[in-house]
Amino acid sequence: MTQAHRIETERLVIRCWDPADAALLKEAVDASLDHLREWMPWAAAEPTTLEEKRALLESFARMFERGEDHVYGIFDRDEGRVVGGTGLHPRLTGDAREIGYWIRADAIGRGLATESTAALTRVGFELDGLEWMEIHCDPGNVRSAAIPRKLGYTQAEERDGQGHLIFRLLRAQYPGSTSASATLRAFDTAGTPLL
């Protein structure tokens with residue numbers, strides 16, 4: 001279970017979703033449908049209503065509180081705009097997590113996915129004590145596959161059940177990765193600094 005409820009980087013706030021974020025999430029997804037549908041299976045069901053978004057965010061918040069899954073919103077620094085989503089997902093066995101991410105169409109190419117993924121990598125190893133982390137992506141998604149490479153993840157020989165590339169970073173490799181030097185501040189649910 002992750003201890004970090006809120007993470008602040010140079011340009012971003014990465015935090016647990018709140019149902020009050022529903023309108024911001026809807027705007028980000030609706031403005032990015034063509035882009036998201038190409039790579040994100042969940043986007044096939046979009047657009048959804050504001051009430052459906054609110055219910056989704058309520059379920060994310062409950063799962064976060066129970067330690068079942070840690071789905072985060074990626075916001076600009078003033079939290080007035082959703083720039084994407086990410087998470088530390090328990091899809092792997094043992095003390096490992098998979099990081100997933102998406103960025104809204106008009107924010108692509110600015111390094112925001114790299115910045116948020118470096119932050120989650122650091123949180124996973126330094127706060128959660130994980131043994132390894134993975135990132136899976138479609139082989140055709142060249143931009144997405146570049147992110148783990150920049151952060152020191154190694155491409156595995158195998159693929160996952162959907163044919164996606166698997167990138168892995170082990171605890172022993174983490175200190176030499178660029179993620180280890182990611183600038184961030186992390187806070188628990190009470191706002192107490194953790195990193």
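So the values come out like this:
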quantity	calculated
Scaled radius of gyration (Cα, divided by 2.2 N^0.38 Å) that the stretch 63-137 gives	1.12
Structure-based [θ]222 nm, the chain - -39500 (n - 2.57) summed over DSSP H runs of at least 4, per residue, nearest 500	-9000 deg cm²/dmol
Efficiency of FRET between GLU38 and GLU131 - r from beta-carbon atoms, R0 25 angstrom, step 0.05	0.15
Karplus 3J(HN,Hα) series, Hz, for the stretch 24-29 with 6.51 cos²θ - 1.76 cosθ + 1.60 (x for Gly, Pro)	5, 5, 4, 4, 5, 5
Size of charge dipole - the stretch 6-187 - debye, nearest 20, with Cβ of Lys, Arg +1 and Asp, Glu -1, no other charges	440 debye
For P(r) over Cα pairs in 10 Å bins from 0, in percent, calculated from these coordinates, the label among (1) 9, 38, 39, 13, 0; (2) 9, 34, 32, 16, 7, 2, 0; (3) 7, 23, 21, 18, 12, 8, 6, 3, 0	(1)
Size of electric dipole in the stretch 1-41: Cβ of Lys, Arg +1 and of Asp, Glu -1, about Cα centre, debye, nearest 20	140 debye
GNM result for the chain, Cα springs below 10 Å: residue of VAL142, VAL83, VAL13 fluctuating most strongly	VAL142
Gyration tensor verdict on the stretch 138-183 (Cα atoms; rounded if a/c is under 1.5, prolate if a/b is larger than b/c, oblate otherwise)	oblate
Rounded FRET efficiency, nearest 0.05, which uses the C-beta distance separating THR154 from GLU51 and R0 of 35 Å	0.25
Volume in Å³ per residue [convex hull over Cα atoms, computed for the stretch 1-45]	133 Å³
Sorted by Cβ density within 10 Å, fewest first, the residues ILE108, ILE99	ILE108, ILE99
Added length on full extension, which subtracts the Cα-Cα distance from 0.36 nm per residue, LEU92 to GLU79	1.6 nm
Cut-off under 5 Å, modelled amide H: who pairs with LEU12 long-range	none
Radius 14 Å from Cβ of ASP138, net charge of other residues (Lys, Arg +1; Asp, Glu -1)	+1
GluC sites (Glu not before Pro) within the stretch 2-56: DSSP coil, no more than 16 neighbouring Cβ in 10 Å	GLU10
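FYI, it's all coordinate maths here, none of it is from the lab. In this text the structure is predicted, and so the values were computed from the model without any measurement. Please note: Cβ atoms are built from the backbone with ideal geometry, for glycine as well, and neighbour counts cover all protein chains shown.
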